[in-house]
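Everything on this sheet refers to the single structure shown next.
The values are calculated or read from the model by the stated rules, or taken from the named source; none is laboratory data. All values derive from a computational prediction rather than experimental measurement. Reconstructed Cβ throughout: ideal geometry from the backbone, glycine too, with neighbour counts over all protein chains shown.
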Amino acid sequence: MKKSLLINICLFVLCGLVLGLMLIQDGLRAQENQVQKARVFAEEYPLLTDTDLYCSVLVWDKGLPEVQIIGSEREEERAMMVDADTFYINKGREDGMEIGQMFLAIEIGQPIPQLGYIAQKKGKVRIIRLEDRVSVARVEKGCGDIRVGNYLIPFEEKPTVIGKDQGYDSSLKPGESLEGQVIYLDTDFNIVSTGHWALINLGAAQGLKPGQQLTVFRHKKANLPREAIANVVVIDTQVNTSTVRVMSAREAVEKGDTVQVK
């Protein structure tokens with residue numbers, strides 16, 4: 001009797017162990033499935049960051065903005081303004097300014113013949129106090145160096161775009177789709193690599209939109225086929241130009257390289 005009871009207990013324990021192992025395996029399979037699903041979803045992600053949208057370069061192809069920074073609260077201590085610093089602009093209540101109004105600070109620099117001027121986005125600012133002809137504003141989210149003399153343009157919230165790096169497509173044939181050129185590199189060097197910004201001579205008038213990706217090509221020798229060297233994504237479009245960021249590259253991008261719409 002005791003022997004039979006012992007055998008039953010052993011069988012019960014063994015069954016429990018088997019059941020436990022089965023449950024663990026099921027749990028591991030479920031976790032693996034979740035990981036696989038996560039990998040699938042992770043293939044797509046926001047292509048454009050806030051830094052891309054509000055701190056990058058662009059071609060300013062309009063007249064000079066009317067709103068300008070004319071002084072700062074700590075101007076005698078340092079030239080550069082950072083988050084939470086306050087400053088003064090040349091427009092006030094009688095010019096239509098309102099408390100809480102948001103602007104994007106930009107610096108307008110050197111000209112690009114027939115296209116406009118190189119401009120650098122400096123970050124978001126907000127009006128916090130009004131006088132008749134002067135306003136006080138505060139840096140909400142700066143890109144590092146807002147200064148006296150910078151211009152302000154109305155702030156527009158820009159949506160990101162969900163997608164994935166499509167890579168540089170070597171199968172594109174010359175003339176098969178819209179082509180342009182790299183006209184400016186946002187760097188102190190003559191080349192840019194992954195993560196850097198550049199400007200191209202295609203824009204909204206040619207049908208480009210934020211989030212669109214283009215392959216960069218280079219002719220290394222005139223008598224040889226061109227080579228696909230990088231993939232870029234459109235951040236912002238003006239009339240005939242766009243800001244792009246290099247997403248992936250096997251060689252550094254240079255001014256004059258060809259860009260082609262996928």
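Points to keep in mind about this one:
- Every residue from region 55-90 that is among the hydrophobic types (A, V, I, L, M, F, W, C) and either under 24 Å from the mean Cα position of the chain (by Cα) or under 30 Å from ALA205 (Cα atoms) (or both): CYS55, VAL57, LEU58, VAL59, TRP60, LEU64, VAL67, MET80, MET81, VAL82, ALA84
- Selected residue (criterion: nearest to the chain's Cα centre (by Cα)) from residues of region 168-194 that are modelled with pLDDT of 95 or more and small (Gly, Ala, Ser): GLY180
- Among the candidates PHE189, PHE87, residue that is among the aromatic types (Phe, Trp, Tyr) and outside the structural domain of ILE229 (by TED's automatic domain parsing): PHE87
- Lone qualifier among ILE106, ILE127 - being free of Cβ contacts under 8 Å to residues at least 40 places away in the same chain and in a strand (DSSP E or B): ILE127
- Only one of LYS124, LYS141 that is buried (at least 16 other Cβ atoms within 10 Å of the Cβ), farther than 30 Å from LYS262 by Cβ and in contact with an Asp or Glu (Cβ under 7 Å, 6 or more places away or on another chain): LYS124
For every residue, the table says whether it meets (1) surrounded by fewer than 20 Cβ atoms within 10 Å (Cβ to Cβ); (2) modelled with pLDDT under 95; (3) within 26 Å of PRO113 (Cβ to Cβ); (4) of a type outside the set (Ser, Thr, Tyr).
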position	(1), (2), (3), (4)
LEU202	no, no, yes, yes
ASN223	yes, yes, no, yes
VAL232	no, no, yes, yes
THR237	no, no, yes, no
ALA252	yes, no, yes, yes
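- Tally, over region 165-200, of residues that are acidic (Asp, Glu), surrounded by 14 or more Cβ atoms within 10 Å (Cβ to Cβ) and under 14 Å from VAL259 (Cα atoms): 2
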